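Participant: Right, I'll just put the structure down here and ask away after.
Just so it is clear, none of the values below were taken in a lab; they were calculated from the coordinates. Predicted, not measured: the structure shown is a model, and the values here were computed from it. Here the Cβ is made from the backbone with ideal geometry for all residues, glycine too, and neighbour counts use every protein chain on show.
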Amino acid sequence: MSKTVRERLTADAVAPSIVRRAFRDWLCELKWPEEEAEDLLLAVSEAVSNVTDHAYPPGRAGEVLIEAECIPGNDGQRRVVVKVADDGTWRPPPAWHENRRRGLPLMRACTSAMDVRGGSAGTEVTMTSRPVAAALVAERNEFSN
């Protein structure tokens, strides 16, 4: 079982689905509880979608880097820490996005902690899952799709 996952993808319309599939498989391998896994999948997918929608201007190809690690705690619990990064520039959302702007609150609601750092070299979003008891993780045998 790999305690880490790393994906570097072209930041395009298919990147979120590729990440969801890889991340789902990884969480399944970790025997992560289904409800918590669904929240993480939603948060990671949203972060990758934000890169594809906002990090790069039209006509400029870019990449998105996803790194995740399962970290055991001293208290018998585990957490997953996920970083989603790009080397684009922060762009204001287009006018047609006025009623959307729910991505960051959604990611915060699906995780126990989230940090966004942006600058001229790109943006990095770090999300930490809610803790999962090690006993619960060991008891789960399947992740349903």
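Participant: Using the per-residue mean of other Cβ atoms lying within 10 Å as a proxy for protection, in what order, highest first, do the peptides 105-114, 47-56 fall?
Facilitator: Details: 105-114: 16.1, 47-56: 22.1.
Top of the packing list down: 47-56, 105-114.
Participant: Next up: Where does the charge balance sit around residue 127 when Lys and Arg score +1, Asp and Glu -1, over other residues with C-beta under 13 Å from its C-beta? Mind showing how you got there, number by number?
Facilitator: Numbers: positive: 79, 83, 108, 117, 130; negative: 36, 39, 46, 67, 69, 115, 124.
Summing Lys/Arg as +1 and Asp/Glu as -1 gives -2.
Participant: Now for a separate question. Please list the non-local residues whose amide H lies under 5 Å from the amide H of residue 62, H modeled 1.01 Å from N, same-chain partners needing a gap of 5 or more.
Facilitator: Answer set, sorted by chain and number: 11.
Participant: Give me the distance in nm between label points sitting 7 Å out from Cα along the Cα-to-Cβ direction at residue 3 and residue 75, one decimal.
Facilitator: 1.9
Participant: With +1 assigned to the C-beta of every Lys and Arg and -1 to the C-beta of every Asp and Glu, and no other charges, what is the dipole magnitude of region 4-139 about the Cα centre in debye, to the nearest 20?
Facilitator: Working: 17 positive and 21 negative charges, 63 e Å.
For this selection, approximately 300 debye.
Participant: Take every Cα pair under 8 Å in region 4-139 that's 6+ residues apart, average their separations, divide by the length, and report that relative contact order as a whole percent.
Facilitator: Details: 238 pairs, mean separation 38.5, N = 136.
Value for region 4-139: 28 percent.
Participant: Taking just the C-alpha trace of region 4-139, give me its Rg and Dmax in Å.
Facilitator: 15.2, 49
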